[in-house]
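All of the numbers you see were taken from the coordinates with simple rules; none came from a lab. Keep in mind the model is a prediction, meaning the values are calculated, not measured. All Cβ positions, glycine included, derive from the backbone under ideal geometry; neighbour counts span all protein chains shown.
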Amino acid sequence: MLSSRCELGTFLGELILVCVLATGSAVADTISEIEPNDTIATANLTYGSNSLGIVGSLSPATDQDCFSFVVTKLGVPDPSFSTSVRIFVTTIPNDYHFSLIDPSGTSIFSTKVSGPRIFDFNANAIGGLGKYTIQLAATSPSSVGSYQISIFSVADGAGQPPVIVGSGSIGGQGVANGIPAVSKLNLLLLTVTILCMSVAFLRTT
């Protein structure tokens, strides 16, 4: 129980600070895998732009998980360098199969690997604009376990990187696999509302 106006003011101030910090950091750019997502048609949507995150788990030993994202701009490479979309698979168990399918349905990568890996591809040279699908597949009992995937764009030299967007973010804010995606605007509105209510309440006490 708050015993004084001062304590109430402190409490409301801390609450507002939490909302402000959340406004600056809580972007819906990381999703958690939800089954079924074993095929391109059932691939989990991603959300956000330019830096996308995925957390999931391969289980059982025959599991495979699919996720989609979209390249909306190819980027402008420095004449001496290149631009690329980078997919970083980390905290992954041993022995898994990684595939990347381009918008036409062609596999850019399809390989059995072990442990954390970085996969780069130049959408200017292969794939082009459109929706891509990542597929991770277990290949043995040692494949079972959790993983994380980061998707972002890079450009060397003075080049402009490609633009990547979550497949669920095309056309506006959506719902990430049944979980409402948090937007900075909503958090900002919540912060302003709490601030106005706080000021009004303190004036009456």
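Here are the numbers for this structure:
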read-out	value
³J(HN,Hα), Karplus 6.51/-1.76/1.60, whole Hz, each residue of the stretch 55-72, x for Gly, Pro	10, x, 8, 8, 5, x, 5, 10, 6, 9, 10, 10, 9, 10, 8, 10, 8, 9
Packing-based ranking, highest mean first, of 85-94, 106-115 given that Cβ atoms within 10 Å are counted	85-94, 106-115
Amide H partners (placed H, <5 Å) of SER82, local residues excluded	ASP156
Label-point gap, in nm, between ASP78 and ALA158 - each point 7 angstrom along Cα→Cβ	0.9 nm
Global size of the stretch 30-180 as Cα Rg and Dmax, reported in angstrom	15.0, 46
Footprinting exposure proxy for ILE40, ILE54 (fewest neighbouring C-beta atoms within 10 Å first)	ILE40, ILE54
Karplus (6.51, -1.76, 1.60) ³J(HN,Hα), θ = phi - 60°, over the stretch 37-46, in Hz, Gly and Pro reported as x	8, 7, 10, 4, 5, 10, 4, 5, 6, 10
Percent of beta bridges antiparallel (DSSP, the stretch 30-180, rounded to nearest 5)	90 percent
In range of the label at ARG117: residues from the stretch 41-69 whose backbone nitrogen is under 16 Å from the point 7 Å along Cα→Cβ	58, 64-67
